[in-house]
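J.: The structure is given below, and queries will be raised subsequently.
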C-alpha cells in the first residue's frame with residue numbers, strides 16, 4: 001500500500017479515535033467526578049456518612065471496573081442500540097467506552113479527594129460552610145492537580161479501549177492496525193499506526209503533567225492556604241471562631 005493510499009485511512013482513523021476518546025472522557029468526568037466525591041463524603045467519619053450507601057456505590061463501581069472492556073462492550077449491546085440506534089460505529093462505541101471509564105475515573109477521584117488536608121475541611125465547617133461549600137471551595141480546588149493527572153490517566157486508558165472497540169466496526173487507529181496490519185499483513189501500516197498512537201499518548205501525557213504541575217505550583221497541594229471567603233456565621237460561636245482563625 002502506497003503512502004497516498006495510507007494517508008486518507010490514517011487521517012480518518014485519527015479523527016475517529018479522537019472523537020470517541022474525547023466524548024467518552026467528557027462523559028466519564030461528568031459522571032465519575034460526583035461519584036468519586038460521593039464515595040468520600042459517605043464514608044465513615046465524613047460529612048455525609050452513610051455506610052450502606054457507601055458500600056452499595058463502592059460495590060457497583062468495583063463490579064463495573066473489574067469487567068474486561070470487550071465483555072462489557074458485548075454485554076451493553078442492547079443498551080447501546082437503545083441509546084444510539086445501532087451497535088456499530090464510533091457513536092455506538094462511545095457508550096461502552098464511557099460506562100467503562102466512569103467507575104475507573106471515580107476511583108481516581110476518590111483517591112485524589114482523600115488526600116486533601118482534613119484541617120481545611122474543619123476550618124470551613126467552623127466558619128459555617130455547608131457540604132456544597134466544602135466540596136466547591138476546598139475539596140475540588142485542592143485536589144485539582146491530582147484530578148488533572150487522573151483525567152490524563154483516563155484518556156490514555158480510553159485510547160487503549162478504543163482499539164478494542166474497533167473489533168465492532170467503531171473505526172479508529174486500533175481498527176486500522178487490526179484490519180490492515182494483522183488481517184491483510186500490511187506490516188508497514190501497522191507500525192505507522194503504532195507510532196501515531198505512541199506520539200498521541202506522549203503528547204497527552206505531557207500536556208496533562210504540565211497542567212498538573214502548573215496548578216500544583218500555583219497553590220493546589222503546595223502547602224499554601226486556599227483563599228476562602230469568610231462566610232456569614234449564623235451563631236455567635238461560629239463568628240468568634242472565624243475571628244480567631
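Quick note: the coordinates plus some simple rules give every number you see, no bench work behind them. Not measured: the values here are computed from a predicted model. With ideal geometry, Cβ positions are generated from the backbone for all residues, glycine too; neighbour counts draw on all protein chains shown.
J.: Given the C-alpha atoms of the chain, compute the convex hull and give its volume per residue in Å³. Walk me through the numbers before you get to the answer.
T.: Details: hull volume 34.3 nm³, N = 245.
Dividing the Cα hull volume of the chain by its residue count gives 140 Å³.
J.: Would you order 179, 213 from fewest to most other beta-carbon atoms within 10 Å of each residue's own beta-carbon?
T.: So the residues, fewest neighbours to most, are 213, 179.
J.: Now, a different point. Normalising by the residue count of the chain, find the relative contact order in percent from Cα pairs under 8 Å and 6+ residues apart.
T.: 25 percent
J.: Taking only Cα atoms of the stretch 9-50, what ratio of Rg to Rh do you get with Rh as the Kirkwood inverse-distance radius? Mind showing how you got there, number by number?
T.: Details: Rg = 17.2 Å, Rh = 12.4 Å.
Reported Rg/Rh (Cα atoms, Kirkwood Rh): 1.39.
J.: Hey, what's the Kirkwood Rh for the stretch 107-156 if you take every pair of different alpha carbons, in angstrom?
T.: 11.3 Å is the Kirkwood radius here.
J.: Tell me, what is the FRET efficiency for residue 65 and residue 187 to the nearest 0.05, using R0 = 51 angstrom and their Cβ-Cβ distance as r?
T.: The pair residue 65/residue 187 has a calculated efficiency of 0.90.
J.: For a quick check: sort 182, 19 by the number of other beta carbons within 10 angstrom, fewest at the front.
T.: 182, 19
J.: Let me ask something else. With a bin width of 5 angstrom, please list the P(r) values of the stretch 26-68 as percents of all Cα-Cα pairs, from the 0 bin to the one holding the largest distance.
T.: Reading upward from the zero bin: 5, 24, 25, 24, 15, 5, 1.
J.: Over all pairs of distinct alpha carbons, what does the Kirkwood formula give as the hydrodynamic radius of the stretch 124-185, in Å? Spell out each step's value before the answer.
T.: Values: mean 1/r = 0.0677 Å⁻¹.
The answer is 14.8 Å.
J.: Can you grab the distance from the C-alpha centre of the stretch 127-167 to the C-alpha centre of the stretch 11-64, Å, no decimals?
T.: What the calculation gives is 9 Å, centre to centre.
J.: Which three extents, in angstrom, do the Cα atoms of the stretch 52-192 have along their principal axes, listed largest first?
T.: 67, 34, 23
J.: Radius of gyration and Dmax for the stretch 25-99's Cα atoms, expressed in Å?
T.: For the stretch 25-99, the Cα-based Rg and Dmax read 15.0, 46 Å.
J.: Arranged by the count of other C-beta atoms within 10 angstrom, fewest first, what order do 23, 191 take? Could the numbers behind the result be given before it?
T.: Details: 23 18, 191 12.
Starting with the residue having the fewest Cβ neighbours, the order is 191, 23.
J.: As a check on your grasp of the helix formula, calculate [θ] at 222 nm for the chain: sum -39500 (n - 2.57) over DSSP H runs of n ≥ 4, divide by the residue count, round to the nearest 500.
T.: Details: 11 runs with 179 residues, N = 245.
Taken over the chain, the calculation gives -24500 deg cm²/dmol.
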